[in-house]
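Beneath this line is the structure, given in structure tokens, with notes to follow.
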Amino acid sequence: MGGLGPPDDLALAPVTQAWLAAGDAAAVASTHFYHQRPRTTPVEAQSPAHQDALLDYCAHLTQTTLSAA
């Protein structure tokens, strides 16, 4: 996200994380935020099958075997 034309202000990067840490994080569990506003999480991100497929793809790309803990 660097370079000559970054899509966002780097100074804003930690603002939402600090806002969540200072507040009641339990009230917003499993919620995605962008600039202190909730955003819809893609359905695929909530799918265990899609998550497993992504991890398998990453393991293939990196030649690394992932093990369940």
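Just subtract the alpha-carbon distance of HIS60 and LEU10 from 0.36 nm times their residue separation and send over the number in nm, one decimal.
14.8 nm
Ellipticity at 222 nm from helices only: DSSP H runs of n ≥ 4 in the chain, each -39500 (n - 2.57), divided by the residue count, give -10000 deg cm²/dmol.
Full extension of the segment from VAL28 to GLN51, taken as 0.36 nm per residue of separation minus the current Cα-Cα distance, would add 6.1 nm. So what's the angle, to the nearest 10 degrees on a 0 to 90 scale, between helix 48-62 and the longest Cα principal axis of the chain? Rounded to the nearest ten degrees, it is 70.
Readers should treat all values here as calculations from the given coordinates under stated rules, not as data from a laboratory. Just so it is clear, the structure is predicted and the values come from calculations on it, not from any experiment.
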